[in-house]
1. Just the residues that are surrounded by 22 or more Cβ atoms within 10 Å (Cβ to Cβ) and out of contact with any strand residue (DSSP E or B) (no Cβ under 6 Å at 6 or more places or on another chain), please, taken from segment 86-98.
2. Scan segment 62-76 and tell me whether some residue there is among the small types (Gly, Ala, Ser), on the phi < 0 side of the Ramachandran plot and surrounded by 11 or more Cβ atoms within 10 Å (Cβ to Cβ).
Amino acid sequence: VGVVLREGLPGLLVEEGDTCEMNAAIALGVKAIRANGGRRVVIIHSDIPLLTGTEMDRMAGVFQERARGCTGELIAISPSADQGGTNCLFMDVKHPFKFSYGAGSFALHCASADARGAQVVALDSPTTAMDIDEPEDVAKLLEYYRHHEQFQHTETWKFLHDRNRRIPAAKANE
């Protein structure tokens, strides 16, 4: 688990061990952040090909704005396109949290936050919602690229293009 405590400062590497599954590894990372004086964390996975720095800034701004007006704990979640998964999670690290990544994680994370009395904010984002879990997700990504030319300049696009992946041809009814 790689952890960055603050921009410009060295990161913190948490050794998770050989048998640690994803939720336990994330919990170890968050615990290390808390132990080193960190206050907030963003958990995002590496299979979000359309995520941009601008979109991360926007979501972080929404979280910070809502946190200022929140008297209790706030957890912000960006769900996957099918509303089943959790693609990005913003939270304070003051209290331990039960991470439930995997099938149905969006509902499980919302329920866990509700059980703690935390306010939940859904951060809807079309670019964060798309993840690559299955081979057919690549086809969906290529279709998105076809309709959004600005994403054809990304490293992901270059990677797919260099491997002879092509944008699907326009459908006859378009």
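1. If the condition is that a residue be surrounded by 22 or more Cβ atoms within 10 Å (Cβ to Cβ) and out of contact with any strand residue (DSSP E or B) (no Cβ under 6 Å at 6 or more places or on another chain), then Phe97 is the only one that fits.
2. yes
For (1) more than 22 Å from Asp133 (Cα to Cα); (2) among the β-branched types (Val, Ile, Thr); (3) touching a residue at least 40 places away in the same chain (Cβ under 8 Å), each residue gets a yes or a no:
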position: Ile44; (1), (2), (3): no, yes, yes
position: Asp57; (1), (2), (3): yes, no, no
position: Phe63; (1), (2), (3): yes, no, yes
position: Arg68; (1), (2), (3): yes, no, no
position: Pro79; (1), (2), (3): no, no, yes
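A short reminder: the numbers here are calculations on the coordinates, not readings from a lab. Model, not experiment: these values are computed from the prediction. Heads up, the Cβs are rebuilt from the backbone with ideal geometry, glycines too, and the neighbour counts pull from every protein chain shown.
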